[in-house]
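Let me begin by presenting the structure, written as structure tokens, before commenting on it.
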Amino acid sequence: MSTRTFRVTVRGAFDGLDDGQRAELLARAAEHDVLRAAFTPEGHLSYD
């Protein structure tokens, strides 16, 4: 059996976040900066 790696880039916006969810994303934004983006086996999420 062969292994395949798929690289996908999706652009969009978060919708319907409550204040707690928005605060959590903002608190962790530095960890998910686009300048730290990489295609890894675990995946990566970047946002600003």
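Rule-based calculations on the coordinates, nothing more; no lab input. All values derive from a computational prediction rather than experimental measurement. Note: ideal-geometry Cβ built from the backbone for every residue, glycine included; neighbour counts use all protein chains shown.
A few remarks follow.
- Estimated translational D of the chain in µm²/s (Stokes, Kirkwood radius over Cα pairs; 10 °C; 1.306 mPa s): 125 µm²/s
- Per DSSP, loop chymotrypsin sites (Phe, Trp or Tyr not before Pro) in the chain with at most 12 further Cβ within 10 Å: 6, 14, 39
- Between residue 14 and residue 34, the simple spin-label model (points 7 angstrom out along Cα→Cβ) gives 1.7 nm.
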